[in-house]
Each structure stands twice: as C-alpha cells, then as structure tokens.
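So the structure is just underneath, and the comments pick up after that.
The values are calculated or read from the model by the stated rules, or taken from the named source; none is laboratory data. All figures in this text were calculated on a predicted structure; none of them were measured in a lab. Every residue, glycine among them, receives a Cβ derived from its backbone with ideal geometry; neighbour counts consider all protein chains shown.
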Amino acid sequence: MNAQRQTVSASTFNKHFSRFASRSASIVGSPYAFLFAIITVVAWAITGPLFHFSDAWQLIINSWTNIVTFIVVFIIQNSQNRDSKAMNLKLDEVIRSLHFAEDGMIDIERLSDKELEQLARRYERIRDQWEERRAHQHDTRQG
C-alpha cells in the first residue's frame with residue numbers, strides 16, 4: 001500500500017510540475033518577460049550612482065540573475081523534454097501509418113550515437129544516389 005501511495009504521489013507531483021513548467025516556460029519566453037528583464041536592468045543601472053556603484057549594488061544584480069537563471073534552466077529543460085517527446089511520438093505515428101515508411105525508424109532516439117551515425121551515413125548515401133539520378137535526368141533532358 002505504501003509503494004502505491006508513493007507512486008500516486010510521484011505521479012501527482014509530476015503532473016503538477018509539468019503544468020507549472022509549461023506555464024512558466026510560456027511566461028518566461030514572452031515579450032513581457034523580456035521587457036521586464038530590460039526594465040529591471042535599466043532600473044538597476046540607473047541606481048548605480050545612488051549606491052556609488054558599490055559591491056552590494058553589483059551583488060544584487062549578480063545574485064538575482066544567477067538565481068533566476070538557475071531556476072529557469074530546469075523549467076526550460078522540462079519543457080524541451082516534453083516537446084521533444086511529443087514530437088517524436090507524433091513522428092513515430094506518422095511513420096507507423098505510412099505504408100512505405102520503414103518501421104525501424106520508430107523510436108530511433110534511443111539508439112546509441114554510433115548507431116545514429118551509421119543511420120545518418122545510410123541516408124546520406126540514399127540522398128547522394130537521388131542527386132545522381134536527378135543530375136542524370138537533367139542531363140538526359142538537355143541532351
């Protein structure tokens with residue numbers, strides 16, 4: 001029973017965090033957040049003479065930006081992870097639904113770097129062959 005309660009609790013936390021991270025990423029990425037950041041920096045710079053450009057004055061902006069950056073990195077990473085996963089699942093569904101698509105391409109983001117590089121080289125060869133056929137057709141039409 002305790003393990004089930006922990007699973008439900010973790011699931012609830014994840015759901016709430018995902019909702020929070022999505023909303024936060026939207027807010028942080030908005031023009032208003034950018035404008036707020038600019039206004040904050042300008043206000044801080046204007047107060048420099050008032051505080052005689054002291055170490056404390058510099059520490060305020062350094063501390064504030066470090067804290068905000070630290071938190072925002074995790075919010076953005078969560079948002080990117082979710083977007084990437086959703087995009088990959090959508091692409092997997094497109095591959096699955098197309099008759100001529102190669103099902104082996106589904107979920108390839110789990111392959112090792114070496115396997116991905118081998119796959120990339122395979123598709124480079126396919127593209128090179130296509131370009132050769134295209135150039136040959138172009139030459140045939142002109143000749």
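Keeping to the range 38-49, report how many residues are outside any helix (DSSP H, G or I) and either surrounded by 10 or more Cβ atoms within 10 Å (Cβ to Cβ) or of a type in the set (A, V, I, L, M) (or both). Walk me through it before giving the result.
Taking the range 38-49 as the starting set, the residues that turn out to be outside any helix (DSSP H, G or I) are 47-49.
Now restrict to residues that are either surrounded by 10 or more Cβ atoms within 10 Å (Cβ to Cβ) or of a type in the set (A, V, I, L, M) (or both): 47-48.
Number satisfying all stated conditions: 2.
The criterion of being at pLDDT below 90, of a type outside the set (Phe, Trp, Tyr) and part of a loop (DSSP other than H, G, I, E, B) does not hold for residue 52.
Residues in the range 85-108 that are under 17 Å from residue 119 (Cα atoms) and exposed (fewer than 12 other Cβ atoms within 10 Å of the Cβ): 102, 103, 104.
Can you tell me which residue in the range 55-84 is nearest to residue 36 (Cα to Cα), limited to those that are among the small types (Gly, Ala, Ser) and exposed (fewer than 13 other Cβ atoms within 10 Å of the Cβ)? Steps first, please.
Going residue by residue through the range 55-84, those that are among the small types (Gly, Ala, Ser) are 56, 63, 79, 84.
This time we only want the ones that are exposed (fewer than 13 other Cβ atoms within 10 Å of the Cβ), so: 56, 63, 84.
On the way: 56: 22, 63: 17, 84: 28 Å.
So the residue we want is 63.
So, in the range 46-63, how many residues would count as being within 30 Å of residue 23 (Cβ to Cβ) and hydrophobic (A, V, I, L, M, F, W, C)? Don't jump to the end; show me each part of the working.
To start, the set of residues in the range 46-63 that are within 30 Å of residue 23 (Cβ to Cβ) comprises 60-63.
Within this subset, residues satisfying the condition of being hydrophobic (A, V, I, L, M, F, W, C) are 60-61.
Counting residues in the range 46-63 that are within 30 Å of residue 23 (Cβ to Cβ) and hydrophobic (A, V, I, L, M, F, W, C) gives 2.
Residue 121 falls short of the stated requirement of being surrounded by fewer than 12 Cβ atoms within 10 Å (Cβ to Cβ) and closer than 30 Å to residue 16 by Cβ.
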